[in-house]
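**Q** First the structure, then my questions, so here it is.
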Amino acid sequence: MIGIVLAVFAALAFGFSVVLIRKKIDESNFFFAALVLTVTGNIILWPLAFLFTDLRTVNFEGVLFFAIAGILAPGIARLGYYKGMEAVGVSVNASIFAAYPMYSSILAVLLLREALTPEKWIGIVCIVVGVVYVERGLSNLKTGPERISKKGLAFPLLASLAIALSQIVRKYGLNIYNQPLLGVAIGYSSTLLLYVPLLISSNTTRGSTFSVKDFRMFWKAGVGMSLGWILSFYALSHENVSIVAPLLQTEPLFILFFVYLYLKKLEQISFKLAISTLLIVIGAMLVGIS
């Protein structure tokens, strides 16, 4: 049960952070946002890791799994997700990304030998379908380009596959070396090592300069994201991937709440949005059944 509760609170932290990012993303670019989130996370996580981890017991095989998981997510997944927001718009991007709990659950069954009951499969499908329609309702028609290229769809697909695989690798690491705080810190460091060469060579950053303004815009979201990753790691240390992944994807429920609370972009709750929200709640309840 503790893993389920932690996963829901992680989704809340992620949801609040995403709203903060969406509010400012047009004033910067996807790469600078991802970089600020990663640097902020490293600043927060490493002191906590040193404080609460007995480094004399370090398991290097577990550390390797944490590093690989970090490159996949937040590393590749974060870049793909935010680039997808620019390429195809918030709604389409999030709708494609929303399928990652399905990939995670399938991989968990195949690679980790996790067992899923029919109720949990129904719950996963409900969450995925509900998230797709909630995310479509979170954005107005002007949040994306007029024409969506097929190539642009590859970014959210890549992000969803990367985060699904990262959860499997992360669970392997936690099974070997159950130190979530150190695992999150290592993952964030491997992400930063991925981003620095890209910052130097990427065409995306040419003509624009990374500045203190970018930190001011995104550091609060970085704190929220760090908290979400800590909670998700602890959730995985207590529960199966096939349970945690769908519950983390209840994030759009919290995004919806914070959008209404802070951004005022949605004027009323449509019937489709209400049904979609109900689907996610039902799905989360089914997944949480032990």
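Throughout, read-outs are computed from the coordinates displayed, never taken from laboratory work. Every value quoted in this text rests on a predicted model; they were computed, and no experiment measured them. Using ideal geometry, Cβ is built from the backbone for each residue, glycine included, and neighbour counts are taken over all protein chains shown.
**Q** Note down the relative contact order for the chain as a percent, whole number, built from C-alpha pairs under 8 angstrom at least six residues apart. Each step should come with its number before you reach the end.
**A** On the way: 473 pairs, mean separation 123.9, N = 290.
Once divided by the residue count of the chain, the mean separation gives 43 percent.
**Q** Ranked by Cβ crowding within 10 angstrom, fewest neighbours first, how are Phe32, Phe52 ordered?
**A** Working: Phe32 24, Phe52 11.
Ordered from fewest to most neighbouring Cβ atoms within 10 Å, Phe32, Phe52 come out as Phe52, Phe32.
**Q** Going through the cross-link list Lys24/Lys120; Lys24/Lys171; Lys120/Lys171; Lys151/Lys220; Lys150/Lys272; Lys24/Lys272, which pairs have a Cα-Cα distance over 30 Å in this structure? It would help to have the intermediate numbers written out before the result.
**A** On the way: Lys24/Lys120 37 Å; Lys24/Lys171 33 Å; Lys120/Lys171 19 Å; Lys151/Lys220 32 Å; Lys150/Lys272 27 Å; Lys24/Lys272 28 Å.
Those over the limit are Lys24/Lys120; Lys24/Lys171; Lys151/Lys220.
**Q** If you average 1/r over all unlike Cα pairs in the chain and invert the result, what Kirkwood radius do you get in angstrom? Write down the numbers at each step before the final one.
**A** Working: mean 1/r = 0.0527 Å⁻¹.
One decimal place: 19.0 Å for the Kirkwood radius.
**Q** I've got another one for you. Where in the chain are the DSSP H helices whose C-alpha atoms run 27 Å or more along the long axis and whose mean Kyte hydropathy is at least 1.6? Walk me through the numbers on the way to the answer.
**A** Details: long enough: 2-24 (34 Å, 1.89); 30-52 (33 Å, 2.09); 118-138 (30 Å, 1.17); 154-176 (33 Å, 1.15); 180-201 (32 Å, 1.64); 212-238 (39 Å, 0.53).
Helices meeting the criterion: 2-24, 30-52, 180-201.
**Q** Along the charge dipole of the chain, pointing to its positive end and built from +1/-1 on Cβ of Lys, Arg, Asp and Glu, which listed residue (Ser104, Tyr172, Tyr82) has its Cα farthest out?
**A** About the Cα centre, the residue reaching furthest to the positive side is Tyr82.
**Q** Ranking Leu55, Leu174 by Cβ neighbours within 10 Å, fewest first, what do you get? Let's see the in-between values first.
**A** Working: Leu55 9, Leu174 22.
Fewest to most other Cβ atoms nearby, the residues stand as Leu55, Leu174.
**Q** Fewest Cβ neighbours within 10 Å first, please rank Ile275, Ile68 accordingly.
**A** Lowest count first: Ile275, Ile68.
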